[in-house]
Amino acid sequence: MNNYVNHPVISVDEIIRPTRLEIDIKVLTENYNKIKEYVAPAKMMPILKANAYGHGLVRVAQLMEELSADYIGVAVLEEGILLREHGIKIPILILGGLWGNQIPLFLKHDLTITASSIGKLDQINELAGQMKIRAKVHLKIDTGMERLGVHYYSADKFLETAVKYSNISLDGIFSHFANSEKEDFAYTRLQLERFNEVLYFFEKHSIKTPLRHISNSGAILQTPEANLDMVRPGIMLYGVYPSAEVAKTIPVMPALKWKSLVVYFKVIKAGHPVGYGSTWAPDHDIRAVTVPVGYGDGYLRSMSHKAEVLIKGNRYPVAGTFSMDQIVVNIENDSVYNADEVLLIGEDGNNKITVEDLAKWAGTIPYEILTNINTRVPRVYIE
Ligand SMILES: *Cc1c(COP(=O)(O)O)cnc(C)c1O
């Protein structure tokens, strides 16, 4: 086992904190290959925003490059620059909107720009001309999300502008689905129809169509007719499905385990409350252990009174309201020792705790669980 740790402060030898994320590179690789095979011949743009959904931006990007991904997609400029600074060479599309005077930074770091208005195209063309660089651009079309992009019903002028500018290399055009993980495909199909109408522009004017892409995880799983030239898998790459109801047509596996260790053992007497606010007390004497993880790590406080953990394959409830850095686990009459492993997410024997379980306890979606796991938690890679 060769560990690679992605942590802002400390190196692997110095890690003294028992709480960590273990990310299995083999599982990530298999997930990537399964998706790629399923969507072939469409190209792949794995989505690595928000620290690669918590899995560690740089290492996951290196893996995607090793696997010959065609593109990487991230949300914000800083994520793209960080990847360039770590030597990532493949095309990187910044999915979010342009802000302020970011354009020169995009050009300097060879990052692909999402353009979402004619005004932005004007600025990009002008600055690229000044810097004597051809700006790489993907156009964003809004087909029914009302978030970012030019509306599908008034896109022609936008496309005309993009193709006429000599300092712009029009490499792609894309849109985004609002409901692709739902059981009902009607809105997804409507959005795809709208996108295809916009794309007719290229055929009509006999202009080479740039890379067309619209599919996120839900659409990759359920509506293959939307694959077009490239797909953008996010959460499924990490082995988590975008919703409970989505058709699981590709068997991906979770790549991440969240682990900690028992650091303290005690008996709690009946009636003695646990944690801030004294929100819970046992009605009989119990054994309990303290585990050094809390909402400051992204182990969300809203899971208090619902969450369970695995110790030696057994499920135990977390007692009381979570602290920032510690939780207390009720082990009743069982025997657990200091330095025993505690699984917050993962599988052990016949028992498992999933990202979906945490989402249910917290009243949120799996995406929010993954992206909230703080950088304070070291990422350890199982190669
Ligand atoms: C986040 C994102 C994706 C990936 O979505 P998943 O549901 O995680 O697959 C794809 N495209 C865009 C524009 C995104 O913002």
*Using a Gaussian network for the chain with springs between C-alpha atoms less than 10 Å apart, which of these wobbles most: G97, G277, G298?*
G277
*Among H213, H284, H305, whose mean-square fluctuation peaks in a Gaussian network model of the chain (Cα, cutoff 10 Å)?*
H284
*Would you mind pulling out the separation of the Cα centroids of region 135-192 and region 356-383, in Å?*
30 Å
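Counting only protein heavy atoms and using a 1.4 Å probe, what share of the accessible area of region 254-303 belongs to carbon plus sulfur, as a whole percent? Mind dumping the intermediate values first?
Values: 1320 of 2410 Å².
Looking at region 254-303 in its full context, I get 55 percent from C and S.
Report the full-extension gain for the segment Y153 to E30: residue separation times 0.36 nm, less the Cα-Cα distance, to one decimal in nm.
Extra length from Y153 to E30 when fully extended: 40.3 nm.
Expressed as a whole percentage, what fraction of the accessible surface of region 202-247 belongs to carbon and sulfur atoms when a 1.4 Å probe is rolled over the protein heavy atoms?
Numbers: 740 of 1500 Å².
Carbon and sulfur atoms account for 50 percent of the accessible area of region 202-247.
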*asked:* Given an 8 Å cut-off on Cα distances and at least 6 residues of separation, report the relative contact order of region 25-238 as a percent.
replied: 20 percent
*Enumerate the amide H contacts of T114 below 5 Å, restricted to partners 5 or more residues apart or on another chain; note that Pro and chain-start residues carry no placed amide H.*
I94, H138
*Computed over region 25-238, Cα set: Rg, Dmax in Å*: 16.6, 49
_Once R0 is set to 56 Å, what does the formula 1/(1 + (r/R0)^6) return for the Cβ-Cβ distance between N314 and E203, expressed as a FRET efficiency to the nearest 0.05?_
0.35
*Apply the Karplus parameterisation 6.51 cos²θ - 1.76 cosθ + 1.60, with θ equal to phi minus 60°, to every residue of region 36-53 and state each ³J(HN,Hα) to the nearest whole Hz, in sequence, with x for glycine and proline.*
4, 4, 5, 9, 3, x, 4, 7, 10, 10, x, 9, 10, 5, 6, 6, 6, 6
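Report the FRET efficiency, 1/(1 + (r/R0)^6), for E160 and Q123, where r is their Cβ-Cβ distance and R0 is 25 Å, rounded to 0.05.
Once rounded, the FRET efficiency stands at 0.90.
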_Below 17 Å, Cα to Cα, which lysines can K26 reach? Residues fewer than 8 away in the same chain don't count._
K34, K36, K257
*Antiparallel DSSP bridges in the chain: what percent, to the nearest 5?*
55 percent
*Measure off 7 Å from each Cα along the Cα-to-Cβ vector at D184 and T249, then give the distance between these two points in nanometres to one decimal.*
2.0 nm
_Which lysines, if any, have their Cα less than 17 Å from the Cα of K136, not counting same-chain residues under 8 positions apart?_
K89, K108, K120, K164, K208
_Per-residue counts of other Cβ atoms within 10 Å, averaged by peptide: what ranking do you get for 225-236, 348-359, highest first?_
225-236, 348-359
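Roughly how many Å² is the accessible area per residue of region 256-353, as a whole number, for a 1.4 Å probe?
Values: 4640 Å² over 98 residues.
Value returned for region 256-353: 47 Å² of accessible area per residue.
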*Which three extents, in whole angstrom, do the alpha-carbon atoms of the chain cover along their principal axes, largest first?*
78, 45, 38
*Show the residues, 5+ positions off or on another chain, whose built amide H is closer than 5 Å to the amide H of G298.*
N374
*For A281 and T371 in the same chain, what is the full-extension length gain: residue separation times 0.36 nm, less their Cα-Cα distance, in nm?*
29.2 nm
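Please give the per residue accessible area of region 25-238, computed with a probe of 1.4 Å over protein heavy atoms only, in Å².
Working: 8840 Å² over 214 residues.
Value for region 25-238: 41 Å² per residue.
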*asked:* I'd like the chymotrypsin sites (Phe, Trp or Tyr not before Pro) in region 297-383 restricted to DSSP loop residues with at most 16 other Cβ atoms within 10 Å, sorted by number.
replied: Y337
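The values are calculated or read from the model by the stated rules, or taken from the named source; none is laboratory data. As the structure is a computational prediction, the values presented were derived from the model and not from experiment. Cβ coordinates were reconstructed from backbone atoms using ideal geometry, including for glycine residues, and neighbour counts include every protein chain displayed. SASA here: full protein model, heavy atoms, side chains in, ligands and nucleic acids out. Shrake-Rupley method; radii C 1.70, N 1.55, O 1.52, S 1.80 Å.
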